Amino acid sequence: MTILRLRGFEIHKSYLTLSAQRGLLDAVRGVVKQVPFFRPVMPSGQQMSVRMTSAGDYGWLSDTQGYRYAPTHPNGTPWPAIPPEVLAIWNDLTGLERQPESCLINYYASDAKMGLHQDKNETDFRWPVVSISLGDEGMLRVGGQKRGGKTDSLWLQSGDVVVMGGEARLNYHGIDRIRAGSSTLLPKGGRINITLRVVT
């Protein structure tokens, strides 16, 4: 495993073995069976290109009322517990006693992307965000803490894990594009991104 750094983000390349990736994918499928993927709408009314669901005490929602964490899926179902396979990654890479309260699961089809944004709906930015990649490669773009200006990019591959913490916690970041067919982990292709956050 190699650790790279991109504008303060720690990127643990090939952190997950293929066997571990498959186990994590099975855990994600168990969550999705209980709380299906949905496509959020931004406050502007435009629909996001990614599909999303969550696990933990809180899930992240977006609609015309704004961005926020909520205790239930849009259909009213409480979010299931965060799978232990996911929590093990948080514990190993952060060493924190504080456990994440939210596990966001995003599915990117080949034409999906995520614009530059900050993760700032949480109460305390001292806690890191841990991001796990499964499936097709995604181009991560990272900037600074103000919108605009220079950015740097790097391809994230299946099994890579990014820790966004410290001074880089509020850096703008996004996924520019997906390299379709670059992984065989997901039978129908696409990329799954799992992010762990302390909310309160």
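So in the range 19-61, with the set limited to residues that are assigned to a helix (DSSP H, G or I) and of a type in the set (A, V, I, L, M), which one is nearest to Lys188 (Cα to Cα)?
By that ranking, first place goes to Leu25.
Answer with yes or no whether Gly144 is surrounded by fewer than 17 Cβ atoms within 10 Å (Cβ to Cβ) and either over 14 Å from the mean Cα position of the chain (by Cα) or not in a helix (DSSP H, G or I) (or both).
yes
Give the number of residues within the range 152-184 that are under 20 Å from Leu24 (Cβ atoms) and touching a residue at least 60 places away in the same chain (Cβ under 8 Å).
Looking only at that region, the number is 11.
Mind telling me which of the residues Ser49, Ser19 ends up being among the hydroxyl-bearing types (Ser, Thr, Tyr) and under 23 Å from Ile175 (Cα atoms)?
Ser49
Which one of Ile132, Ile82, Ile89, Ile105 is crowded, with 18+ Cβ neighbours inside 10 Å and in a loop (DSSP other than H, G, I, E, B)?
Among Ile132, Ile82, Ile89, Ile105, only Ile82 is crowded, with 18+ Cβ neighbours inside 10 Å and in a loop (DSSP other than H, G, I, E, B).
Given the conditions (1) crowded, with 19+ Cβ neighbours inside 10 Å; (2) among the β-branched types (Val, Ile, Thr); (3) within 22 Å of Val162 (Cα to Cα), which single one is not true for Thr17?
Every condition holds for Thr17 apart from (1).
Please give the number of the condition Val162 fails out of (1) surrounded by 22 or more Cβ atoms within 10 Å (Cβ to Cβ); (2) out of contact with any His (no Cβ under 8 Å at 6 or more places or on another chain).
Condition not satisfied by Val162: (2).
Going through Thr77, Thr94 one at a time, which residue ends up being of a type in the set (S, T, N, Q), under 20 Å from Phe125 (Cα atoms) and at pLDDT 95 or above?
The match here is Thr94.
Any residue that is surrounded by 14 or more Cβ atoms within 10 Å (Cβ to Cβ) and over 17 Å from the mean Cα position of the chain (by Cα) - is there at least one of those in the range 51-72?
Yes, the conditions are met somewhere in the range 51-72.
Would you pick out the residues in the range 174-200 that are under 11 Å from Ser133 (Cβ atoms) and either of a type in the set (Phe, Trp, Tyr) or under 14 Å from the mean Cα position of the chain (by Cα) (or both)?
Hits for the range 174-200 are Ile175, Arg191, Ile192, Asn193, Ile194, Thr195.
List the number of the failed condition for Gly56; all other conditions in (1) at negative phi; (2) in contact with a Ser or Thr (Cβ under 7 Å, 6 or more places away or on another chain) hold.
Going through the list (1) at negative phi; (2) in contact with a Ser or Thr (Cβ under 7 Å, 6 or more places away or on another chain), Gly56 breaks only (1).
Scan the range 147-165 residue by residue and report those that are among the small types (Gly, Ala, Ser), in a loop (DSSP other than H, G, I, E, B) and closer than 26 Å to Gln21 by Cα.
Those that are among the small types (Gly, Ala, Ser), in a loop (DSSP other than H, G, I, E, B) and closer than 26 Å to Gln21 by Cα: Ser158, Gly159, Gly165.
With respect to Ala70, determine if the residue is of a type outside the set (Phe, Trp, Tyr), touching a residue at least 12 places away in the same chain (Cβ under 8 Å) and touching a strand residue (DSSP E or B) at 6+ places or on another chain (Cβ under 9 Å).
For Ala70, the condition - of a type outside the set (Phe, Trp, Tyr), touching a residue at least 12 places away in the same chain (Cβ under 8 Å) and touching a strand residue (DSSP E or B) at 6+ places or on another chain (Cβ under 9 Å) - is met.
Please specify each residue of the range 92-102 satisfying the condition of being crowded, with 16+ Cβ neighbours inside 10 Å and not aliphatic (A, V, I, L, M).
Within the range 92-102, Thr94, Pro100, Glu101, Ser102 meet the criteria.
Taking the range 166-181 on its own, how many of its residues are in contact with a Ser or Thr (Cβ under 9 Å, 6 or more places away or on another chain), crowded, with 17+ Cβ neighbours inside 10 Å and assigned to a loop (DSSP other than H, G, I, E, B)?
The total comes to 1.
The values are calculated or read from the model by the stated rules, or taken from the named source; none is laboratory data. Computed from a predicted structure; not experimentally measured. When we count neighbours, we look across all protein chains shown, and the Cβ atoms used for this are built from the backbone with ideal geometry, even at glycine.
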